[in-house]
1. In the stretch 454-477, how many are assigned to a helix (DSSP H, G or I), under 43 Å from the mean Cα position of the chain (by Cα) and loosely packed, with under 15 Cβ neighbours inside 10 Å?
2. Looking only at strands (runs of 3 or more DSSP E) that fall completely inside the stretch 236-321, which ones have 1 or more residues that are over 18 Å from ASP193 (Cα atoms)?
3. Please go through the stretch 239-277 and pick out each residue that is closer than 22 Å to LYS114 by Cα and open to solvent by 10 Å² or more (accessible area, probe 1.4 Å).
4. Whether any residue in the stretch 735-743 is modelled with pLDDT under 95, open to solvent by 40 Å² or more (accessible area, probe 1.4 Å), closer than 22 Å to SER357 by Cβ and part of a loop (DSSP other than H, G, I, E, B) is what I want to check.
5. Could you list, in sequence order, all residues of the stretch 509-525 that are among the hydrophobic types (A, V, I, L, M, F, W, C) and not in a loop (DSSP other than H, G, I, E, B)?
6. Testing ILE528 on (1) more than 30 Å from PRO337 (Cβ to Cβ); (2) surrounded by 16 or more Cβ atoms within 10 Å (Cβ to Cβ); (3) touching a Pro at 6+ places or on another chain (Cβ under 9 Å), one condition comes back false. Which one is that?
7. Residue check: is SER198 open to solvent by less than 30 Å² (accessible area, probe 1.4 Å), modelled with pLDDT of 80 or more, of a type in the set (S, T, N, Q) and over 26 Å from ASN371 (Cα atoms)?
8. Determine which member of the set GLY414, GLY418, GLY373 is open to solvent by less than 40 Å² (accessible area, probe 1.4 Å) and over 30 Å from GLN461 (Cβ atoms).
Amino acid sequence: MGNFYCLYLVLLLFCFGFCVNTLSQADSSSDAITAVYIVSLKQAPAAHYFEEQLRRHNRHGHGFHHNSSSSSGRLNRLHKPRNNSRYHPSSGSYISRVHDSLLRRALRGEKYLKLYSYHYLINGFAVLVTPEQANKLSKRREVANVVLDFSVRTATTHTPQFLGLPKGAWSQQGGYETAGEGIVIGFIDTGIDPTHPSFADDISEHSYPVPAHFSGVCEVTREFPSGSCNRKLVGARHFAASAITRGIFNSSQDYASPFDGDGHGTHTASVAAGNHGIPVVVAGHHFGNASGMAPRSHIAVYKALYKSFGGFAADVVAGIDQAAQDGIDIISLSITPNRRPPGIATFFNPIDMALLSAVKAGIFVVQAAGNTGPSPKSMSSFSPWIFTVGAASHDRAYANSIILGNNVTIPGVGLAPGTDTDQMYTLISAVHALCNETILANDMYVGECQDSSNFNEELIQGNLLICSYSIRFVLGLSTIKQALETAKNLSAAGVVFYMDPYVIGFQLNPTPLEIPGIIIPSPDDSKILLQYYNSSLERDGLSRKIVRFGAVASISGGLKANYSITAPKVMFYSARGPDPEDSSLDDADIMKPNLVAPGNLIWAAWSSLGTDSVEFQGESFAMMSGTSMAAPHIAGLAALIKQKFPHFSPAAIASALSTTASLYDKSGGPIMAQRAYANPDVNQSPATPFDMGSGFVNATAALDPGLILDSTYEDYMSFLCGINGSGPVVLNYTGQNCWVYNSTIGSADLNLPSITISRLQQSKTVERTVTNIAGNETYKVGWSAPYGVSVKVTPTRFFIGTGEKQILTIMFNATMNNSVASFGRIGLFGDQGHKLNIPLSVILKFS
């Protein structure tokens, strides 16, 4: 296993449980209420020392030398050495002892429980203490910051083809067998199922060494035995100390190991880097072969989220800190905070600041935008150093329908086979096929078909059983699987679910059905079905009992995919900008999301014990939707860019993805954005940068962007120091004084591949610097101005040689008073075929 060694954690949960119980007993005589706090110290963490040593090394003439076959040596700012985060192991234990000493001195003789020592990206620790003890710690001269822990939550077979990978990005990298090779993607998520074939390392005859720059380990537990890791899954740990101290950790559901008891983490990891060509078989049906975006990239898992409660920042930060120390290249975060961070700016929170240090170490950070759309300012990912991804559809859909005996066809969902094409089957409602009439009086939900003993098998056998779909299915109190089991036990020819009229606007994903079946998601269409059914019943004139079921139907089936739908479009649930700068919802001069990627109806690997989706329980693949699915698409595509340009900074990767994004759907029209939860395909309009960022990712173009807009850690620090009153907060989180930065910059002046101005007071001038990573080229500059604003860009034409830079000056003038956001674009058109898009957004305008 090369770089692996085993970390045994058999006694971990017992130890935490014992320590917490001891603490609780000790405090039982008082009214002390304990909580988890994240404490950061003023002394810089290990990663900052590593960076400083590297600078000194380079100043003495021992600069980093990259392969001469790559782009020009003048690209020093872009071409940074690959993150090599391994350092002497004793430094971590030394810092941990310093933390222990501080706690002993500050809390003399008092009870406390230290959960983690952070020492790579953050110099600090997480500790369980009372508010009074936290106050004592905050007054120590060594302590910079004390923050109360907070909770977080979790937010493909065809998408490689939809993104053009087989003939585009993969072919440029030598085919899928080498796509992403040598790159390690770290996942902060719910863990992974190591037994899944998507994570095997023996499916190719090509050599597959573990990257030398990675030094992570693989925990060994009962659920995650020795041998779970391999050359594909190169590292796996779990972090749950904050959850355990709260007494909410359920070891039978959540597993004190990297094993995924939820399914979410297995799904996201396989979207980004799952093996190529893995058969997708669900409910006995074959839906094609799956592949990750970078099928030869390596996977490292840092489990900090759990099925029963989500997760906590202290555990997430511990995972991020460890991932960076291990030497990963990319972090994928399909999680968002449960609340907007308080304080002077949303950027100042433990997770975002840890990720800033990760970016400083050369790690590209991807985060899901959140599933809180479509309202404005619903964004849950805030900082400019984080690449935020929204969710869009792709062009594959599974259509199912039921054809009634009166020649009416009703559309529905259901990954199910159809009935015999040349035969119509009698429809029988569950409430009309009961063993006795008293059942309905005793069980008002009997129509949901959850117990076959309630029904008359002779009546249902060979017919289509009609069941109701209520809010109880949404809540998990009733399940499709149990209803199917009922239908099979009663020998039904198939099952039809109609939507309860009280379930308004619920969006239903295709659900696997082992037998012919359909779910009608529209309450209006459900009424049409029931009206036909009821009007076809024949009843006895005196008793009113049913003597004949006259309604008949056939089911077409939904196993065959349809690729003719318009796509992409921004999904209704995808969180929207503008980016909130603070808890009072002031707007930041930063565009969010950065772009959108496939996130709707995504097939990917599923944990064998995954419980996140009841309908896919026990399956090896699941179809899921959300920005959680979009983010790992970008993580995998970033691995392809990192493979081609190994010394690109995180900002350079972000620029390549952003400036090349597409503005149009596959039919050539503008990308649309869904505007409502109910009937989203009816309530839609052209997407703006606050819906889709720079646009929809173009994987092939991102590997040849031509020009790059780069930013450094120092740029981000100058921006943070420019926020009014931020000096003490910056010092608390980074250990650096803002006075070191002679000049500060506003967020609109960051060298981002977009320009957002939240308040345009008459006029404003900003600059953007582009660097040429391709051959010599002449560019023409064009633009469209946002409504109510005049724009001028200079120069309008320029020649730029390989490795050279060019400053673009952009002048904005408000031509009216207007409070409605308006949008424009700058386009750079090279004579060698490169095209770059820089979106413009202006919100408040004062002329």
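The values are calculated or read from the model by the stated rules, or taken from the named source; none is laboratory data. What you see is a predicted model, and the numbers here were worked out from it, not measured in a lab. As a convention, Cβ positions derive from the backbone with ideal geometry for all residues, glycine included, and neighbour counts pool all protein chains shown. Just the protein is used for accessible areas: all its heavy atoms, side chains included, with ligands, DNA and RNA removed. Shrake-Rupley method; radii C 1.70, N 1.55, O 1.52, S 1.80 Å.
1. 3
2. Where strands (runs of 3 or more DSSP E) fall fully within the stretch 236-321 and carry at least 1 residues being over 18 Å from ASP193 (Cα atoms), they are 285-290, 310-312.
3. PHE239, ILE244, THR245, ARG246, GLY247, ILE248, PHE249, ASN250, SER251, TYR255, ALA256
4. Kept after step one, since they are modelled with pLDDT under 95, are these residues of the stretch 735-743: 735-743.
Remaining after also requiring open to solvent by 40 Å² or more (accessible area, probe 1.4 Å): 736-737, 739-740, 742-743.
Among the residues that remain, those that are also closer than 22 Å to SER357 by Cβ are: 736-737, 739-740.
Then keep just the ones that are part of a loop (DSSP other than H, G, I, E, B); that gives 736-737.
The answer is yes; a qualifying residue exists.
5. From the stretch 509-525, those among the hydrophobic types (A, V, I, L, M, F, W, C) are 513, 515, 518-520; that's our starting set.
Correct list: ILE518, ILE519, ILE520.
6. (3)
7. For SER198, the condition - open to solvent by less than 30 Å² (accessible area, probe 1.4 Å), modelled with pLDDT of 80 or more, of a type in the set (S, T, N, Q) and over 26 Å from ASN371 (Cα atoms) - is met.
8. Checking each option against the conditions leaves just GLY373.
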